[in-house]
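Every read-out reported here was derived from the displayed coordinates using simple, explicitly stated rules and does not represent laboratory data. These numbers come from a predicted model, not from an experiment. We place every Cβ from the backbone using ideal geometry, glycine too, and count neighbours over all the protein chains shown.
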Amino acid sequence: MKKALAVTLGILTAIGGVALAVEMVTSVHYLLWVPVAAFVIWVVLWRVRFETMERVFGLAGLALVVFVVALVQLDPPWRDLGAQAARFGPAGAEGWATYAFFGITLFAAAMTPYEVFFFSSGGVEERWTRRDLVTERANVFIGFPLGGLLSLAIMACAAAVFLPQGMEVHELEQVGQPVELALGKIGLAVVILGFFAATFGAALETGLSSGYTAAQYFGWRWGKRVPPRLAARFHTVVLVSVLIGVAVLLTTVDPVAVTEYSLVFSAVALPLTYLPILVVANDRDYLGEHVNGRVANAFGVTYLVIIVVVAVAAIPLMLLTGMGS
């Protein structure tokens, strides 16, 4: 149930993110773009190959590197910025509860349950073998640090521009303003491309994950490559999940607020996703000589403890801090 809720909220926020990105280009209210975005997402889910989706939107998402360039161009007081980043504890009037809540949401954003369903099931569909281990390890050891760097750059840009003015960021459009200030309209265009690619890619991942989760739980035939007439229930779940996302968004619920809730429930669901992975990683029947060694297991168990603490604390901190407010 927790996994299903996290995936459902994920696709809702992703569709909303795509619509918001298009709104930044057209100045047309995002709600008018929600049905259009959902239809295009469904067509891509239906017709485009898994590998193509992964590569195209993954590479396009690298456009967000523009935040690193913008930060250098803004030339903030680097010593003060570094001191803020290195400080372990709340700043200003914020308490430890609020500080911990935002830490949990950032942690959950780095490892969401739907990514596990998407890549594990996609690997089965694409018939990954031992030869693909090198590529996937490179994706992890390069992709995750790069994603962390981009997240830090986005936060640093916001801090450099908005903190001196005592302003807070409430909308997606505001996130791109520091880049526009530093690099002009071209920089903003690159930001919008990055936003679109990141949110569209997330919509594809969550859409397929909803089908994978339901079909594998109930023992249905599943697969993006399997024709709808042979895996009707799988394809129906994918379509219905997209339609649910549209229906909820059209109630005018705030996509940004829903994103925050989805991160909280992702944090709660993380142990249910991570523990089976750790178990399989030590199963020689599945992995043979590629099972975890002692060092990998030490890191794995340590990370599991952190994940359990995060999962237990997520909802109490959400209620205690009023979503970090």
Item to check | Dipole magnitude of the chain about its Cα centre (Cβ charges: Lys, Arg +1; Asp, Glu -1), debye to nearest 20 | outcome: 1040
Item to check | Mean ellipticity per residue at 222 nm, deg cm²/dmol - from DSSP H runs of n ≥ 4 across the chain, formula -39500 (n - 2.57) | outcome: -27000 deg cm²/dmol
Checklist entry - What percent do you get for the relative contact order of the chain when only Cα pairs under 8 Å and 6+ apart count? => result 36
Checklist entry - Considering only Trp42, Val253, Thr98, whose Cα is most displaced toward the positive end of the charge dipole of the chain, charges sitting on Cβ of Lys, Arg (+1) and Asp, Glu (-1)? => result Trp42
Next on the checklist: Show me the ranking of peptides 253-259, 189-195 by mean Cβ neighbours inside 10 Å, starting with the highest.
Outcome noted: 189-195, 253-259
Next on the checklist: Using the Cα centre of the range 83-203 as the reference point, and only Cβ charges (+1 on K/R, -1 on D/E), how large is the resulting charge dipole? Debye, rounded to the nearest 20.
Outcome noted: 380
Checklist entry - In square nanometres, what is one fourth of the surface area of the convex hull spanned by the alpha carbons of the range 1-105? => result 10.7
Item to check | Highest to lowest packing among 160-171, 282-293, scored as the average C-beta count within 10 Å | outcome: 160-171, 282-293
Checklist outcome for this item: Ranked on Cβ counts within 10 Å of their own Cβ, fewest leading, Arg229, Arg49 go Arg229, Arg49
Checklist entry - Span-like helices, the chain: DSSP H, alpha-carbon axial extent 15 Å or more, mean Kyte-Doolittle -1.0 or greater, which ones? => result 2-26, 30-47, 50-60, 96-110, 113-125, 132-162, 172-218, 232-249, 255-280, 294-321
Checklist outcome for this item: Checked the range 148-235 against the a/c 1.5 cut and the a/b vs b/c comparison, axes a ≥ b ≥ c from its Cα gyration tensor; verdict prolate
Checklist outcome for this item: At the level of C-alpha centres, the distance separating the range 177-234 and the range 102-166, in angstrom, is 14
Checklist entry - Under the classification rounded if a/c is under 1.5, otherwise prolate if a/b is larger than b/c and oblate if not, where does the range 154-309 fall, given a ≥ b ≥ c as square roots of the Cα gyration tensor eigenvalues? => result oblate
